[in-house]
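Okay, structure first, notes after.
The values are calculated or read from the model by the stated rules, or taken from the named source; none is laboratory data. In this text the structure is predicted, and so the values were computed from the model without any measurement. Counting neighbours? That spans all protein chains shown, and the Cβs are built from the backbone with ideal geometry, glycine included.
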Amino acid sequence: MSSEIYRARRKRVLEAMAAHGGGVAIQPTAPGRLRNRDSEYPFRFDSHFFYLSGFTEPESVLALVAHGGEGRSILFCRDKNDEREIWEGHRHGPDAARELLGFDAAFPIDQLDEEMPKLIADSPTLFYPLGSDTNLDGQVQRWLATVRAAARTGLRAPAQAVDLHAIVDEMRLVKDPSEIATMRRAGEISAGAHVRAMKACRPGLREYHLEAELLHEFRSRGAQAPAYNAIVAAGANACVLHYRAGDVELRSGELCLIDAGCELDGYAADVTRTFPVGGQFTAPQSAVYEIVLAAQQAAFAQVRPGNGFDAPHDAAVGVLAQGLLDLGLLTGSLDGVLESGAYRQFYMHRTGHWLGLDVHDVGDYRAPAAATTSGSERPWRALASGMVLTVEPGLYLRPAANVPPQFHNIGVRIEDDVLVTADGRAVLTAAAPTAPADIETLMRS
């Protein structure tokens, strides 16, 4: 993305800070983590930090200054170091990072404790991620103590703190064209990975073989990593919502559920497909699958500007509950099943979540408090063009007294990534088939 995009985002935050009376904002990137002994996990930047900076190196902090009639952005990052770069690779250093990404100033990270008290002195408000990082909390306390110790010189510490994420989360909820383009590509790559796994699937393989097909497709098409640990769940494992790809053998006559998406340039895709290991759905599997597919279509129809976030969920639940009644897995009336929540035996999660830099992306699901009448529950947030959410109904039929044997261990989930557009929706992951006939044809090929 262009440096102008990040500069514009920082400007919006500075304007929001000014509306709060001004102050200094602090946003660090994520810390590095040891995997074991001296081996580290692959570094992944903090999403809020990246959203505002575009900078991907570790040991970095962004400061935004909006007081005294000025608005400035300042980056603290690792200094150039020829010896360390031999071992760890290129570092931009403060000067190059400032020029590349349009910061007003940049300092070596080693100067953070020296410079930050100077920045926050006489600032009315401190904006930072409240309570999200104990290390940052400790740093802030030290900087405040330094300023307070200089009170006799006339300096004052900030009198209040505001959660910076409350400002940035609202911005991240609606994606700009560059974000949408990246998420379209992430969706295409992820859909292609699911197609690859379906084509590779055959009885006798194990779950990890299909996971390997997914990872191959992600990396070979330019994605940097999986967005989350892939779920490849064969047979009864499909009824375990957060199952990890293991070593269970794929058997003919059973279903395989794959929930996997790539991360491309920081942005996540999140896709689930369910398909028959042997290439053809059995009659009970098909009956359950068709209900879930109809539920997803009903949810899709509710994804449009102005509808509440809960509208797709309510539509899906209505179809799933009716389907369970039709199969004889539940008894009574549709209204009764919905009111009692009896359907939750087979469908226990929501139908979607926000998607973006995080798989479960930031943004409140309820309308802002200002839009709520005093004493009333906040209504669901209205969908708006540029929002991206998942639509993922499912049914999970574990063995139970009210479940006939032919339905035992049938787990089905169908999940797509959906962009809210000005006139409706666009499914970003539609390249992976969902119609049973299309899945069977693909697997025969």
**Message:** Looking at the structure I just gave you, is residue 48 over 20 Å from residue 362 (Cβ atoms), crowded, with 19+ Cβ neighbours inside 10 Å and either among the β-branched types (Val, Ile, Thr) or in the same structural domain as residue 109 (by TED's automatic domain parsing) (or both)?
**Reply:** no
**Item:** Hey, residue 41 in contact (Cβ under 8 Å) with a residue 40 or more places away in the chain, hydroxyl-bearing (Ser, Thr, Tyr) and either within 16 Å of residue 167 (Cα to Cα) or in the same structural domain as residue 135 (by TED's automatic domain parsing) (or both) or not
**Value:** no
**Request:** Considering each of 424, 336, 394 in turn, give the residue that is small (Gly, Ala, Ser) and surrounded by 15 or more Cβ atoms within 10 Å (Cβ to Cβ).
**Result:** 394
**Message:** I'm trying to understand the selection: among the residues of segment 427-444, which are surrounded by 15 or more Cβ atoms within 10 Å (Cβ to Cβ) and farther than 19 Å from residue 190 by Cα?
**Reply:** 436, 440
**Request:** Please work out which one of (1) under 16 Å from residue 49 (Cα atoms); (2) at pLDDT below 95 is the condition residue 106 fails and give its number.
**Result:** (2)
**Request:** Considering each residue of segment 414-445, count those that are in a loop (DSSP other than H, G, I, E, B) and within 23 Å of residue 269 (Cβ to Cβ), and give that number.
**Result:** 10
**Item:** Condition broken by residue 157, with the remaining ones in (1) in contact with a Phe, Trp or Tyr (Cβ under 9 Å, 6 or more places away or on another chain); (2) closer than 28 Å to residue 260 by Cβ satisfied
**Value:** (2)
**Qualifying residue in segment 105-118 (condition: surrounded by fewer than 18 Cβ atoms within 10 Å (Cβ to Cβ), under 24 Å from residue 15 (Cα atoms) and small (Gly, Ala, Ser))** = yes
**Message:** Step by step: first the residues of segment 140-186, then only those that are in contact with a Pro (Cβ under 7 Å, 6 or more places away or on another chain) and in contact (Cβ under 8 Å) with a residue 40 or more places away in the chain, then the one that is surrounded by the most Cβ atoms within 10 Å (Cβ to Cβ). Which residue is that?
**Reply:** 164
**Asked** Which of the residues that make up segment 244-268 are buried (at least 21 other Cβ atoms within 10 Å of the Cβ) and either assigned to a loop (DSSP other than H, G, I, E, B) or polar (S, T, N, Q) (or both)?
**Response** 245, 250, 254, 261, 266
**Request:** Sort out which residues of segment 17-44 are crowded, with 20+ Cβ neighbours inside 10 Å and either of a type outside the set (Val, Ile, Thr) or in contact with an Asp or Glu (Cβ under 6 Å, 6 or more places away or on another chain) (or both), and write them in order of number.
**Result:** 17, 23, 25, 27, 28, 29
**Asked** Just one of 421, 434, 372 is hydroxyl-bearing (Ser, Thr, Tyr) and modelled with pLDDT under 95; which is it?
**Response** 372
**Message:** Restricting to segment 119-176, give me the number of residues that are within 24 Å of residue 71 (Cα to Cα), within 23 Å of the chain's Cα centre (by Cα) and of a type in the set (Asp, Glu).
**Reply:** 4
**Single residue of 60, 53 found to be touching a Ser or Thr at 6+ places or on another chain (Cβ under 7 Å) and either within 25 Å of residue 179 (Cβ to Cβ) or outside the structural domain of residue 98 (by TED's automatic domain parsing) (or both)** = 60
**Prompt:** What tally of residues in segment 395-413 results from selecting those that are over 22 Å from residue 358 (Cα atoms) and assigned to a strand (DSSP E or B)?
**Reply:** 6
**Request:** Pick out the one residue from 334, 383 that is farther than 30 Å from residue 178 by Cβ and hydrophobic (A, V, I, L, M, F, W, C).
**Result:** 334
**Message:** Tell me yes or no: at least one residue of segment 276-290 is buried (at least 18 other Cβ atoms within 10 Å of the Cβ) and within 21 Å of the chain's Cα centre (by Cα).
**Reply:** no
